[in-house]
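Scroll down for the structure; my scribbles are underneath it.
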Amino acid sequence: MQIYNAPVDDFRFVLETLGYGDVQKLPGYEDYDIETVHSLLTQAAAFFRDVALPLNRVGDKHGVKLDPETHAVTTPPGFRELFKQYVEGGYLALGHPTEFGGSGAPHAVALFINEMITATNKSFSMCPGLTQGLIEAVYHHGTEEQKQRYLPKLISGEWTGTMCLTEPHCGTDLGLLTTKAVPDGDRYRLTGTKIWITFGDHDLADNIVHLVLARLPDAPPGIKGISVFAVPKVLEDGTRNGVYCVGLEHKMGIHASPTCVMSLEDAVGELIGEPHRGMKSMFTMMNVARLNVGLEGYALADIAYQTAVAFARDRRQGRAMDPNKREHSAAADNILVHADVRRMLLNVRSTNEAMRSLGVWTSMQIDHALHNPDDAAQQQGADLAALLTPVVKSYCTQRGFLNTSECMQVLGGAGFTVDWSIEQYMRDLRIAMIYEGTNHIQALDLVGRKLPADNWRSFATFTSLVTKAIEANANNEAIADVVDGLRRALATLVELTKALSARGVDGEVIGAVASAYLDVFALTALSHQWVLQASASVGREGQFFATKLKLARYFTHQVLPQIDSLAAVVRAGKSQVMAFDAAEF
């Protein structure tokens, strides 16, 4: 059973709460007022529920097929039609520049489209997701001629894109890659092997453009010698380029997403950006991907939550602990009377809705960074987006997987069967903690790069905005406990950050505690989102707002205290982690 109704009312509430009015006033966004956006998202919600969701289990069952003779990959039944409808609906083009055929919507709005397609068909969502990243990379780093040639076809869905980084001998450590790019006139010839390439081949579009990391003959060693190239599957004259899928990975989940071994044999490519500066272009693509990976956590946890609630409303088992709540006309009570079932469901919902809010807030920072005419607002947006991206990617995928597991637990043994689909959501989601930089890599990025950048400017900006929210609600008695929870969380975060920023901190200490520190940061950020949402709900009538206030309090008293144990781990440093000899493992 697959159950999903997109939380469009929550989408709208989050936009309004986080200041979407300011985003909508930015140059180029004037047509996307809140009523237009609400209508757009409502229409999209029906499409993803009625068209994409029914194909989710089909894709999981059928998987993808590779013809070893032609190197062609075939997607599951219905996927080509789904992609055609997805493109015709304008969903791929939504957040991209109008001058190249996009619709020019704010990133914050496009994020909701990504959430809905991910929730309803995670495997399928990865094709347009990677294409969106390639569009960003070419737009920001390509020449004007390259933009004119690639972007209209990518934005229209006539072509799709991939990101080709990993090689059999190197994953995270890209400085070890060996793929070669040899100049050939105004083009290059690439030779090498790439693995784990999502949608490296498929039958959804006419052409595939691979963004490939490779080394020029004069490249210095290590990561500073990497360049990036656009390598199309089909060349402009219609001939087949020398880039082929030679194998498919057999995976735990995302069975309808082809994860390809790609062989480049004298393949024609063109340089994107400057020689030996390829990581700059690639990180533009990866940062887009990382934000979208983060939303995978709360998107799949949300469909799992809706499934668990539907089950819990019907399931009868045992008796309520409170005799006054027992339904004596029935042989057993509905399991929603049980405190632990409520605990699991509320753990999921209170974190899901805060993670969604944090993802949207981060996207709004990107909108300001790209479109705000005020230089200071641009810089603030860029700083916050850079700071929060590793937090969203890491925490939301980790917590989303835990939340999906909690939803399975609500169903008991039924959750472990294919009948309710949560087992697929868990399998499909597990990869999100690994790809686009493992979660620990995100933590190291946060602590080692993002925090100290520009004399800790982005952290100072973040803490000042959190402090502003605390001060603005200092006299709001209706949510005093929620505000106090944020105040205490911020104090802990600042204390730990000062300790990690001290001169001479051992690198092994950073490695030992970075993941716990990121979780402290994330919980503080989620608490901040709950203060904003709770403040916006005070004094407003209706169950929606009453429930928001209850969820804010639940998070504050039942989830946020996890900060204390995480802080203890950070304070403990490396001594226990590094105390073991290699032979003891």
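All of the numbers you see were taken from the coordinates with simple rules; none came from a lab. No experiment lies behind these values; they were computed from the predicted model shown. When we count neighbours, we look across all protein chains shown, and the Cβ atoms used for this are built from the backbone with ideal geometry, even at glycine.
Quick notes on this one:
- Shown here are the Rg and Dmax of the Cα trace of region 1-91, at 18.0, 55 Å.
- Measuring from each cysteine beta-carbon in the chain, the ones with no other cysteine beta-carbon under 4.7 angstrom are Cys127, Cys164, Cys170, Cys396, Cys407.
- In terms of packing, defined here as the mean over residues of other Cβ atoms within 10 angstrom, the peptides 310-316, 579-585, 56-62, 412-418 line up highest first as 56-62, 310-316, 412-418, 579-585.
- Take every pair of alpha-carbon atoms less than 8 Å apart whose residues are at least six positions apart; their mean separation over the length of region 8-159 yields a relative contact order of 21 percent.
- Averaged over residues, the count of other Cβ atoms within 10 Å places the peptides 103-113, 487-497 in the sequence 103-113, 487-497, highest first.
- Ranking of Phe544, Phe83, Phe521 by neighbouring Cβ atoms within 10 Å, starting from the fewest: Phe544, Phe83, Phe521.
- Rounded to 10°, Cα long-axis angle of helix 375-411 versus longest principal axis of the chain: 70 degrees
- The modelled label-to-label distance for the pair Ala583/Lys180, using points 7 Å beyond Cα in the direction of Cβ, is 4.4 nm.
- Working note: 222 nm ellipticity from helices only, DSSP H runs with n ≥ 4, each -39,500 (n - 2.57), summed and divided by the residues of the chain, gives -18000 deg cm²/dmol to the nearest 500.
- Taking amide H positions as modeled 1.01 Å from N, with prolines and chain starts lacking one, no residue 5 or more places away or on another chain lies under 5 Å from Cys170.
- Interatomic Cα distance distribution for region 49-188, bins of 10 angstrom, percent: 10, 32, 34, 22, 3, 0
- Remark: the Cα gyration tensor places region 160-277 in the oblate category, a/c being 1.5 or greater and a/b not exceeding b/c.
- Of every Cα-Cα pair in the chain, the percent that sits beyond 40 Å: 26 percent
- Cα-Cα separations in region 428-477 greater than 11 Å, expressed as whole percent: 74 percent
- Amide H within-cut-off set for Ile272, under 5 Å, with H built and near neighbours excluded: Val228, Phe229, Ala230
- Mean Cα-pair separation over length for region 83-211, i.e. relative contact order, pairs under 8 Å, 6 or more apart, %: 22 percent
- Filter on Lys61/Lys251; Lys65/Lys251; Lys224/Lys393; Lys122/Lys393; Lys122/Lys251 - keep pairs with C-alpha separation over 19 Å: Lys224/Lys393
- Semi-axis lengths (Å, descending) of the ellipsoid that matches the C-alpha gyration tensor of region 454-585: 34, 17, 10
- In order along region 15-23, phi translates into HN-Hα couplings of 4, 5, 5, 8, x, 4, x, 5, 5 Hz, rounded to whole numbers, per the Karplus curve 6.51 cos²θ - 1.76 cosθ + 1.60 with θ = phi - 60° and x for Gly and Pro.
- Placing a label point 7 Å from the Cα of Asp266 along the Cα-to-Cβ line, the residues of region 213-255 whose backbone N sits under 14 Å from it are 240-243.
- Shown in residue order for region 458-473 are the 3J(HN,Hα) couplings computed by the Karplus curve 6.51 cos²θ - 1.76 cosθ + 1.60 at θ = phi - 60°: 5, 5, 4, 5, 4, 5, 5, 5, 5, 4, 4, 5, 5, 5, 5, 10 Hz (x for Gly and Pro).
- Scanning residues 5 or more positions from Arg315 or on other chains, those with amide H under 5 Å from its amide H are Ile335, with H placed 1.01 Å from N in the peptide plane.
- Lysine pair number, Cα distance threshold 25 Å (strictly under), region 454-585, separation 8 or more or different chains: 4
- In sequence order, calculated HN-Hα J values of region 260-273 (Karplus, 6.51, -1.76, 1.60; Hz; x Gly/Pro): 9, 8, 10, 10, 9, 10, 6, 6, 7, x, 10, 5, 10, x
- Highest-first packing order for the peptide set 186-194, 198-206 is 198-206, 186-194, based on the mean count of other beta carbon atoms within 10 Å.
- With Rh defined as the Kirkwood radius, the inverse of the mean 1/r over Cα pairs, the Rg/Rh of region 268-358 is 1.37.
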